[in-house]
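The values are calculated or read from the model by the stated rules, or taken from the named source; none is laboratory data. Owing to the predicted nature of the structure, the values given are computational and were not obtained by experimental measurement. Glycine gets a Cβ as well: all are built from the backbone with ideal geometry, and neighbour counts include every protein chain shown.
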Amino acid sequence: MKHWFFCTVLILTGIMNWNSVAWSQETKPITLIQGLDGGDYEPYAPRVIERVQEALRSQGLYSGEVNGLLDEATMEALGEAIGPGAGGL
(Lines give C-alpha, C1' and ligand atoms only; values in the text may rest on other atoms or scores of the structure.)
Protein backbone atom coordinates (compact mmCIF):
# COMPACT_ATOMS: atom_id res chain seq x y z
CA MET A 1 0.00 0.00 0.00
CA LYS A 2 2.81 2.40 0.90
CA HIS A 3 4.48 1.83 -2.47
CA TRP A 4 1.41 2.88 -4.44
CA PHE A 5 0.70 5.84 -2.16
CA PHE A 6 4.12 7.44 -2.55
CA CYS A 7 4.38 6.71 -6.27
CA THR A 8 0.95 8.26 -6.75
CA VAL A 9 1.91 11.33 -4.68
CA LEU A 10 5.08 11.91 -6.67
CA ILE A 11 3.51 11.28 -10.06
CA LEU A 12 0.39 13.37 -9.45
CA THR A 13 2.25 16.27 -7.91
CA GLY A 14 4.74 16.21 -10.77
CA ILE A 15 1.93 16.28 -13.33
CA MET A 16 0.12 19.08 -11.51
CA ASN A 17 3.31 21.13 -11.35
CA TRP A 18 4.09 20.48 -15.02
CA ASN A 19 0.60 21.56 -16.11
CA SER A 20 0.70 24.74 -14.03
CA VAL A 21 4.00 26.02 -15.43
CA ALA A 22 3.70 29.23 -17.40
CA TRP A 23 5.92 28.69 -20.41
CA SER A 24 7.98 31.63 -21.55
CA GLN A 25 10.07 32.45 -24.60
CA GLU A 26 13.36 32.40 -22.74
CA THR A 27 15.06 29.31 -21.39
CA LYS A 28 16.02 29.44 -17.75
CA PRO A 29 18.85 27.29 -16.39
CA ILE A 30 17.76 24.42 -14.17
CA THR A 31 19.91 23.13 -11.35
CA LEU A 32 19.68 19.36 -11.41
CA ILE A 33 19.80 17.16 -8.32
CA GLN A 34 21.56 13.82 -8.11
CA GLY A 35 19.47 10.80 -7.21
CA LEU A 36 20.65 7.85 -5.16
CA ASP A 37 21.11 5.98 -8.45
CA GLY A 38 23.66 8.60 -9.57
CA GLY A 39 21.32 10.05 -12.22
CA ASP A 40 20.58 13.77 -12.57
CA TYR A 41 16.98 14.93 -12.17
CA GLU A 42 14.99 18.16 -12.24
CA PRO A 43 14.02 19.17 -8.70
CA TYR A 44 10.45 19.15 -7.43
CA ALA A 45 8.90 22.30 -5.97
CA PRO A 46 9.75 22.69 -2.26
CA ARG A 47 6.08 22.41 -1.20
CA VAL A 48 5.82 19.03 -2.96
CA ILE A 49 8.85 17.76 -1.05
CA GLU A 50 7.42 19.12 2.22
CA ARG A 51 4.23 17.12 1.63
CA VAL A 52 6.22 13.98 0.90
CA GLN A 53 8.36 14.53 4.01
CA GLU A 54 5.20 14.96 6.11
CA ALA A 55 3.73 11.74 4.68
CA LEU A 56 6.99 9.85 5.29
CA ARG A 57 7.10 11.21 8.85
CA SER A 58 3.52 10.09 9.52
CA GLN A 59 4.56 6.57 8.40
CA GLY A 60 7.55 6.65 10.78
CA LEU A 61 10.05 6.53 7.89
CA TYR A 62 11.47 10.05 8.14
CA SER A 63 12.64 11.84 11.27
CA GLY A 64 14.39 14.79 9.67
CA GLU A 65 13.26 18.38 9.38
CA VAL A 66 10.36 19.15 7.02
CA ASN A 67 12.32 21.62 4.93
CA GLY A 68 11.25 21.08 1.32
CA LEU A 69 14.68 19.81 0.29
CA LEU A 70 15.10 16.50 -1.48
CA ASP A 71 18.15 15.66 0.58
CA GLU A 72 19.78 12.30 1.21
CA ALA A 73 17.62 11.55 4.30
CA THR A 74 14.43 12.20 2.31
CA MET A 75 15.59 10.07 -0.62
CA GLU A 76 16.55 7.21 1.71
CA ALA A 77 13.13 7.38 3.41
CA LEU A 78 11.47 7.31 -0.02
CA GLY A 79 13.55 4.28 -0.92
CA GLU A 80 12.33 2.54 2.24
CA ALA A 81 8.73 3.45 1.51
CA ILE A 82 8.84 2.34 -2.11
CA GLY A 83 10.98 -0.73 -1.50
CA PRO A 84 13.35 -2.65 -3.75
CA GLY A 85 10.60 -3.94 -6.07
CA ALA A 86 10.09 -0.47 -7.58
CA GLY A 87 13.28 -0.58 -9.61
CA GLY A 88 15.24 1.56 -7.17
CA LEU A 89 15.58 5.29 -6.93
Please go through the stretch 56-69 and pick out each residue that is surrounded by 16 or more Cβ atoms within 10 Å (Cβ to Cβ) and outside any loop (DSSP other than H, G, I, E, B). LEU56
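Here is a yes/no grid of residues against (1) on the phi < 0 side of the Ramachandran plot; (2) modelled with pLDDT under 80; (3) in contact with a helix residue (DSSP H, G or I) (Cβ under 7 Å, 6 or more places away or on another chain):
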| position | (1), (2), (3) |
| --- | --- |
| TRP18 | yes, yes, no |
| TRP23 | yes, yes, no |
| THR27 | yes, yes, no |
| THR31 | yes, no, no |
| GLN34 | yes, no, no |
| ASP37 | yes, no, no |
| GLU42 | yes, no, no |
| ARG47 | yes, no, no |
| VAL52 | yes, no, yes |
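Can you give me the number of residues within the stretch 28-55 that are without any contact (Cβ under 8 Å) to a residue 40 or more places away in the chain and part of a helix (DSSP H, G or I)?
Our first condition is that a residue be without any contact (Cβ under 8 Å) to a residue 40 or more places away in the chain; within the stretch 28-55, this holds for 28-34, 38-50, 53-54.
Subset that is part of a helix (DSSP H, G or I): 46-50, 53-54.
Residues that pass the stated criteria total 7.
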